[in-house]
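In what follows, a structure is listed as structure tokens, so that the remarks can point back to it.
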Amino acid sequence: MPGEASTSEPILCAHLLRRVDERLIDLLSSLTPGEWDLQTVAPLWKVRDVAAHLLDTALRKLSVVRDSCYVEPVNIRSPQDLITLVNRLNREGVNVYRRLSPKVLIDMMKEVCEQSARFHESLDPFAAAAFAVSWAGEESSPNWFDTARELTERWHHQQQIRLATNRPGLMTPELYHPVLDCFARGLPHLYRDFEAPAGTLLLLEISGDCGGRWFLSKGSAGWHFVKPSDEKPASRVTIPQELAWRIFTKGIGRDLARAQITVEGNRDLGEKALQLTAIVG
């Protein structure tokens, strides 16, 4: 299990964006005309909408972060303001790019993905990122975390297309484990208001060869990751790797997910992990 000793070490994955996007272009190139209109687990999006979103977000990231191009004032005063903004931008981008033919979209995607890969590979992973990873409760983040967040976006939206079109998933340790590791970084923020005695230990285990184990402990200043321990956790929650990405990206109802996970010990503590949402919006 690649994450057997997972802690909060940096996730250095800029080189993986290129590989995930290469798989995306191969996938889109293989779709039949009818498959572009299949429904995905994102309720408002068909396959063509997810592809349009992937093109739009890559273009926006390059324009704003690489090129410092801001075309409208933004005033974010609350988490809800951010969600509202992101949802609007996503909706507007999809409305435009979903109109492209598959050939035009794929040709544009090839160029944009290459530029995006070069840009992320050029960044100092430990310098401050332009945008913080808000779902992890951060007000500032290093580039490595923002790039890992970008990997989760590219991976899970491609996975939505693969699921809708009955294509093999990107379930390889090299590509999926860093995504799961990034998702898990939202746990301390998720549990920030969960009351428990100091020293309470939670073990999140994602089963499968891409998964791992994450140990979260309650300290005097809140919840934080700790190294693997032989101590019996107050709660151990086990999630199959096939299900984990859908739970953390709102791709499955929590009641349905709850029936497919295992919780040992404190059920309230363990089931809290199902509320982790590692996307904005």
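The values are calculated or read from the model by the stated rules, or taken from the named source; none is laboratory data. Keep in mind the model is a prediction, meaning the values are calculated, not measured. Glycine gets a Cβ as well: all are built from the backbone with ideal geometry, and neighbour counts include every protein chain shown. The accessibility values were calculated without ligands, DNA or RNA, using every heavy atom of the protein model including side chains. Shrake-Rupley method; radii C 1.70, N 1.55, O 1.52, S 1.80 Å.
Just to be sure I understand the model, the point goes 7 Å from the Cα along the line to the Cβ. What's the resulting ILE252 to LEU12 distance in nm?
Simple spin-label model gives 3.4 nm for this pair.
State whether the range 2-123 is rounded, prolate or oblate according to the following rule on the C-alpha gyration tensor (a ≥ b ≥ c being the square roots of its eigenvalues): a/c under 1.5 gives rounded; otherwise a/b larger than b/c gives prolate, and the remaining case gives oblate.
Working: a/c = 1.43, a/b = 1.10, b/c = 1.30.
Rounded, since a/c falls under 1.5.
Within 10 Å of each candidate Cβ there may be at most 14 other Cβ atoms; applying that plus a DSSP loop requirement, which GluC sites (Glu not before Pro) in the range 204-261 survive? Let's see the in-between values first.
Details: sites: GLU205, GLU231, GLU242; in loops: GLU231.
Answer by residue number: GLU231.
Please identify, among SER29, SER78, SER101, the residue showing maximal mean-square fluctuation in a Gaussian network model of the chain using a 10 angstrom Cα cutoff.
SER78
Quick one: pull the percent of accessible area on the range 166-218 belonging to carbon and sulfur, 1.4 Å probe, ligands and nucleic acids left out.
The computed percentage sits at 52.
What's the ranking of 127-134, 32-39 by average number of surrounding C-beta atoms within 10 Å, highest first?
Working: 127-134: 15.9, 32-39: 12.6.
Highest-to-lowest ranking by the protection proxy: 127-134, 32-39.
Under 5 Å between amide H atoms, partner at least 5 residues away or on a different chain: which partners does VAL133 have, H built in plane at 1.01 Å?
Long-range HN contacts for VAL133: GLU138, SER141.
Among PRO178, SER235, GLY222, whose Cα projects farthest towards the positive end of the dipole of the range 172-269, with charges put on the beta-carbon of Lys, Arg (+1) and Asp, Glu (-1)?
Of PRO178, SER235, GLY222, it is GLY222.
Considering only DSSP beta bridges with both partners in the chain, what is the antiparallel share in %, to the nearest 5? Walk me through the numbers on the way to the answer.
Numbers: 17 of 24 bridges.
Looking only at bridges with both residues in the chain, the antiparallel portion is about 70 percent.
For every helix of n ≥ 4 consecutive DSSP H residues, a contribution of -39,500 (n - 2.57) applies; sum these over the chain, divide by its total residues, and give [θ] at 222 nm rounded to the nearest 500 deg cm²/dmol.
Numbers: 10 runs with 128 residues, N = 281.
About -14500 deg cm²/dmol.
Which value, in Å², gives the accessible area per residue of the range 169-281 when a 1.4 Å probe is used on the protein heavy atoms?
Averaged over the residues of the range 169-281, the accessible area is 42 Å².
Could you tell me which helices of the chain pass both thresholds, a Cα extent of 20 Å or more along their own axis and a mean Kyte-Doolittle hydropathy of at least -1.0, with helices taken as whole DSSP H runs?
On the way: long enough: 14-30 (26 Å, 0.04); 47-61 (21 Å, 0.09); 79-97 (27 Å, -0.29); 102-122 (30 Å, -0.41); 143-164 (32 Å, -1.32).
Helices meeting the span and hydropathy rule in the chain are 14-30, 47-61, 79-97, 102-122.
Under 22 Å between alpha carbons: how many lysine pairs meet that in the chain, if sequence neighbours fewer than 8 apart on the same chain are excluded?
Close lysine pairs found across the chain: 10.
What is the magnitude of the charge dipole of the range 1-149 about its Cα centre, with +1 placed on the Cβ of each Lys and Arg, -1 on the Cβ of each Asp and Glu, and no other charges, expressed in debye to the nearest 20? Each step should come with its number before you reach the end.
Details: 17 positive and 21 negative charges, 96 e Å.
The calculation lands at about 460 debye.
Considering only ARG167, ARG185, ARG77, give the residue with the highest GNM mean-square fluctuation for the chain, with springs between Cα atoms whenever their separation is below 10 Å.
ARG77
Amide H neighbours of GLY251 under 5 Å, at least 5 residues apart or on other chains, H built in the peptide plane: list them.
HN-HN under 5 Å from GLY251: empty list.
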